[in-house]
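Asks: Shown below is the structure under consideration.
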Amino acid sequence: MEMSRIEREKRVVAEIIATYCRRRHKESEGALCENCHDLLRYALLRLEHCPKGEDKTSCKKCDIHCYASSYQTKIREIMRYMGPRMLFINPRAAMQHLLDELS
């Protein structure tokens, strides 16, 4: 069964934040620092309440910016760091994201 776009994005953002936290904040496997845990909670909540629903584009291309500026800055920092690394960590998710960016 194919996963919905929102569920797929939730899974990928959780993986990205967890990997970033483990590498940059030296947290143990499965643990997130307080800041990354807060960001993940916020990102998942924003995805759950996305006004575009299953028709959403990537957040970067969206005309509705629903992240508060402090969270937007942090997620951009994480995406800049993790983007190139995702090709090696989870190539399928990275390729799907690239395809989503093109559409």
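Asks: Using helices alone, I'd like the mean residue ellipticity at 222 nm for the chain: each DSSP H run of four-plus residues gives -39500 (n - 2.57), total over residue count, nearest 500.
Replies: Per the formula, -22000 deg cm²/dmol.
Asks: If you don't mind, another one. What is the packing order of peptides 15-23, 62-70, 39-47, 77-85, taking the mean over residues of other C-beta atoms within 10 Å and listing the highest first?
Replies: In decreasing order of mean packing, 15-23, 62-70, 39-47, 77-85 become 15-23, 39-47, 77-85, 62-70.
Asks: Here's something else I'd like to know. May I ask you to evaluate 6.51 cos²θ - 1.76 cosθ + 1.60, the Karplus curve with θ = phi - 60°, for each residue of the range 74-82 and list the ³J(HN,Hα) values in order in whole Hz, giving x for glycine and proline?
Replies: Computed from phi, the couplings for the range 74-82 are 5, 5, 5, 4, 5, 5, 4, 6, 7 Hz.
Asks: Determine the shape class of the range 1-53: with a ≥ b ≥ c the square roots of the Cα gyration tensor eigenvalues, call it rounded for a/c under 1.5, and otherwise prolate if a/b is greater than b/c, oblate otherwise.
Replies: oblate
Asks: In nm, give the distance between the simple-model label positions of residue 87 and residue 99, each being 7 Å from the Cα along the Cα-to-Cβ direction.
Replies: Using points 7 Å along Cα→Cβ, the separation is 1.8 nm.
Asks: Compute the Cα gyration tensor for the range 1-90, then decide on rounded, prolate or oblate, letting a ≥ b ≥ c be the square roots of its eigenvalues: rounded whenever a/c is under 1.5, prolate when a/b is larger than b/c in the other cases, and oblate in all that remain.
Replies: Here the range 1-90 falls in the prolate category.
Asks: If you don't mind, another one. Ignoring ligands, DNA and RNA, what accessible area per residue does the chain give at 1.4 Å, in Å²?
Replies: That works out to 67 Å² for each residue.
Asks: Same structure again: Angle check, please: helix 34-48 long axis (alpha carbons) against the longest principal axis of the chain (alpha carbons), in degrees 0 to 90, nearest 10.
Replies: Once rounded, one gets 10 degrees.
Asks: In whole Hz, with x marking every Gly and Pro, tabulate ³J(HN,Hα) for the range 58-65 from phi via Karplus 6.51 cos²θ - 1.76 cosθ + 1.60, θ = phi - 60°.
Replies: So the Karplus estimates, Gly and Pro as x, are 5, 4, 4, 8, 6, 7, 10, 9 Hz.
Asks: Could I ask something else about it? Hey, rough spin-label estimate for residue 69 and residue 44, points 7 angstrom out along Cα→Cβ, what's it come to in nanometres?
Replies: The modelled label-to-label distance comes out at 2.8 nm.
Asks: Can you tell me how the range 41-103 classifies by the Cα gyration tensor, rounded, prolate or oblate, using a/c under 1.5 as the rounded cut?
Replies: On the way: a/c = 1.93, a/b = 1.28, b/c = 1.50.
It comes out oblate by the Cα gyration axes.
The values are calculated or read from the model by the stated rules, or taken from the named source; none is laboratory data. None of the values given here were measured: they were computed from a predicted structure. Here the Cβ is made from the backbone with ideal geometry for all residues, glycine too, and neighbour counts use every protein chain on show. Quick note on the areas: whole protein, heavy atoms, side chains included, nothing else; ligands and nucleic acids left out. Shrake-Rupley method; radii C 1.70, N 1.55, O 1.52, S 1.80 Å.
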